[in-house]
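Below is one structure, written out as structure tokens, with a few remarks after it.
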Amino acid sequence: MLLRFAAIVAFVAGSVGAQAATLSLSPTADGSMRVNINGTAINETDPTVTTLRSGATNDGRGFFIFDLSGIAAGSTIGAATFGATFTGTPTNTVSDFALRLDAFGGDGIIDTSDYAATASRFYDVTRPRTEVTAGDRLEVSASLLSQAVQGALTTGFLTVRSSTANFATINFASSENTTYNAPSLSIEFTPPAEVPLPAGGVLLLGALGAAVLLRRRRG
């Protein structure tokens, strides 16, 4: 009887191992922000998200916002992959184009504070423009992106920001685009372990077991 009871207590006191899961997200908002001598303009309705630089005073950045509310607080992020589809070959550059991707915890909206917000740069690659044609898919998995997602669980939203380091115009399909696949974020995570019985319940079972043992000895 005592051995059986000890096994029950050990089972109840132990945590149930959480199973890893994968969540695929589409942006809740995406768009372009352009800064030039005329001021700042934000466009969230165009079928393309544009990243550009055409002069010292003409700079454009793309933004993709993902809602992380489907991931429980306390979860551990294992991996993350950002995806976006080129709508054409980058222009306004003779040969190569430089693409940078940053990630940071946001508030779910695109505003001017996002333009230079502190972020983790998880992609910084220069490629020949001729390597890219319309419909090509960019998929980026990086530990810095996973870390950014982990940190963004506290804010509930992850913002991915695109920029370029040279004179170039780079267009990705937005979530409004009906021709090409929308941007995406795939996240592998492990929810926090579940404890089936509170510690108080284990103590109660312990007291009952002691009572059973005492009764047997008296018998």
For the stretch 121-175, which fully contained strands (runs of 3 or more DSSP E) count at least 2 residues that are surrounded by fewer than 20 Cβ atoms within 10 Å (Cβ to Cβ), modelled with pLDDT of 95 or more and not aromatic (Phe, Trp, Tyr)?
-> 137-141
Name the residue, out of Ala73, Ala29, that is under 24 Å from the mean Cα position of the chain (by Cα), modelled with pLDDT under 95 and in the same structural domain as Ser146 (by TED's automatic domain parsing).
-> Ala73
Within the bounds of the stretch 136-152, is there any residue that is within 16 Å of Leu99 (Cβ to Cβ), more than 21 Å from the chain's Cα centre (by Cα) and assigned by TED's automatic domain parsing to the domain that holds Thr118?
-> yes
Given the residues Arg100, Arg34, Arg53, Arg61, which is the only one that is surrounded by 22 or more Cβ atoms within 10 Å (Cβ to Cβ) and more than 16 Å from the chain's Cα centre (by Cα)?
-> Arg61
Is it the case that some residue within the stretch 95-116 is more than 15 Å from Leu185 (Cα to Cα), assigned to a strand (DSSP E or B) and among the aromatic types (Phe, Trp, Tyr)?
-> yes
Can you find even one residue in the stretch 5-20 that is part of a strand (DSSP E or B), in contact with a strand residue (DSSP E or B) (Cβ under 9 Å, 6 or more places away or on another chain), among the polar types (S, T, N, Q) and at pLDDT 85 or above?
-> no
Which of the residues belonging to the stretch 51-94 are part of a loop (DSSP other than H, G, I, E, B) and of a type in the set (Val, Ile, Thr)?
-> Thr57, Ile71, Thr87, Thr89, Thr93, Val94
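The values are calculated or read from the model by the stated rules, or taken from the named source; none is laboratory data. Since the model is a prediction, treat every value here as computed from it, not as a measurement. In this analysis, Cβ positions are derived from the backbone assuming ideal geometry, glycine residues included, and neighbour counts consider all displayed protein chains.
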